[in-house]
Amino acid sequence: MALKFAANLNFLFTERATTIAERIRLAHQNGFRAVEIPYPEGETSDVVSVVKETGVVVSLVNLAFDKSDDQLRFGSTSVPGSEKLFRSQLDATIDFARQVNCGKIHLTAGLFKGGQESDYTKTYTSNLKIAADSLRASKMIGVIEPINKYAVPSYYMNSYSKAAGILADVAADNIQLLADLYHLQHLHGNVSKTLEEYKALIGHFQIAQVPHRHEPDVSGELDYGFVFKALQDFGYDGWVGCEYKPKTTTVEGLGWVSKLGYTL
């Protein structure tokens with residue numbers, strides 16, 4: 001089963017374009033057939049237009065978030081007291097996702113800023129159950145992502161075992177695990193066995209080299225020749241998000257695709 005790759009536009013083409021719409025056009029011009037994007041606050045109509053113009057697939061969109069609030073700039077799903085905000089952000093993101101035929105939303109957890117962790121867990125679980133119902137009505141899935149402390153200090157969702165426990169409590173087949181191999185290696189290592197352990201929960205993959213989050217062919221802790229074969233054996237047929245920081249520029253770094261034997 002051939003892998004297919006989506007440009008994550010939080011990271012790629014940022015040196016050449018400031019808007020999401022412009023980055024989508026650049027991704028398309030450089031061979032990408034799919035993109036992952038943040039919620040395009042203030043430019044939803046432009047993004048909808050460029051998606052229709054280019055035919056690019058929006059494979060994943062992040063939940064809308066509040067840039068003005070330090071705790072909520074990485075999401076609201078787990079943050080106690082933000083339940084109404086979460087619901088409004090969820091509704092807005094689902095509405096946008098419908099317009100671009102995106103079937104997958106990353107339900108970003110938010111930061112743990114003190115208090116009882118059990119309160120965050122309760123809020124997170126409750127909000128994910130609400131999300132499951134809303135997403136099911138639109139035939140979408142939600143994904144949750146464990147993120148390492150070096151990338152986002154104090155991020156609430158910070159381990160695969162915690163994610164597995166939350167998913168068991170939510171008990172919804174349309175709320176799944178986002179496995180970013182960059183974060184997985186930082187959090188747990190032993191990528192092959194960890195993927196085997198959590199295989200039944202995983203609904204999306206992202207990639208980057210470790211430790212500096214560059215292209216997968218850059219020297220680092222992961223052998224992506226081996227890792228990509230493992231993903232093929234895994235049987236995943238969705239888009240693999242390229243969520244890496246280009247070592248030089250996005251276009252110069254795209255040589256890894258053919259070097260490792262793949263196409264966009």
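The values are calculated or read from the model by the stated rules, or taken from the named source; none is laboratory data. Values in this document were obtained by computation on a predicted structure and should not be read as measured data. So basically every Cβ, Gly included, is an ideal-geometry build from the backbone, and we count neighbours across all protein chains shown. Heads up: the accessible areas ignore ligands, DNA and RNA and are worked out on the full protein's heavy atoms, side chains in. Shrake-Rupley method; radii C 1.70, N 1.55, O 1.52, S 1.80 Å.
Couple of notes before you dig in:
- Point-charge dipole on Cβ atoms (K/R +1, D/E -1) for the stretch 27-164, about Cα centre, debye to 20: 420 debye
- For the chain, the solvent-accessible area of protein heavy atoms averages 43 Å² per residue (probe radius 1.4 Å; ligands and nucleic acids excluded).
- Derived value for the stretch 182-264: Kirkwood hydrodynamic radius 13.3 Å. Basis is the mean of 1/r over every pair of different alpha-carbon atoms.
- Size of the stretch 1-112 as Cα extents on the principal axes (Å, biggest first): 43, 31, 28
- Among Ala131, Ala17, Ala64, the residue with the largest mean-square fluctuation in a Gaussian network model of the chain, with springs joining Cα atoms closer than 10 Å, is Ala17.
- Simple point charges give the picture: +1 on the Cβ of Lys and Arg, -1 on the Cβ of Asp and Glu, and for the chain a dipole about the Cα centre of about 180 debye.
- Residue-level accessible surface for Glu197, protein heavy atoms, 1.4 Å, Å²: 130 Å²
- Paramagnetic label zone (point 7 Å from Cα along Cα-to-C-beta, Ser126; backbone N under 18 Å) in the stretch 167-181: 167, 169-171
- Among the trypsin sites (Lys or Arg not before Pro) in the stretch 1-104, those located in a DSSP loop and surrounded by at most 13 other Cβ atoms within 10 Å of their own Cβ are Arg16, Lys67.
- Potential lengthening between Gln99 and Arg16 on full extension [0.36 nm per residue; Cα-Cα distance subtracted]: 27.3 nm
- Computed helical MRE - 222 nm, the chain, DSSP H runs ≥ 4 contributing -39500 (n - 2.57), nearest 500: -11500 deg cm²/dmol
- Share, in percent, of DSSP beta bridges within the chain that are antiparallel, nearest 5: 5 percent
- By accessible area, using a 1.4 Å probe on protein heavy atoms only, the chain has 48% of its surface on carbon and sulfur.
- Per DSSP, loop chymotrypsin sites (Phe, Trp or Tyr not before Pro) in the stretch 23-113 with at most 14 further Cβ within 10 Å: none
- Counting only the Cα atoms, the stretch 113-227 fills a convex hull of 109 Å³ per residue.
- Euclidean distance of C-alpha centroids, the stretch 1-31 and the stretch 159-181, integer Å: 27 Å
- The stretch 98-252 - share of DSSP beta bridges that are antiparallel (%, nearest 5): 5 percent
- The chain shape via C-alpha gyration tensor axes, a/c threshold 1.5: oblate
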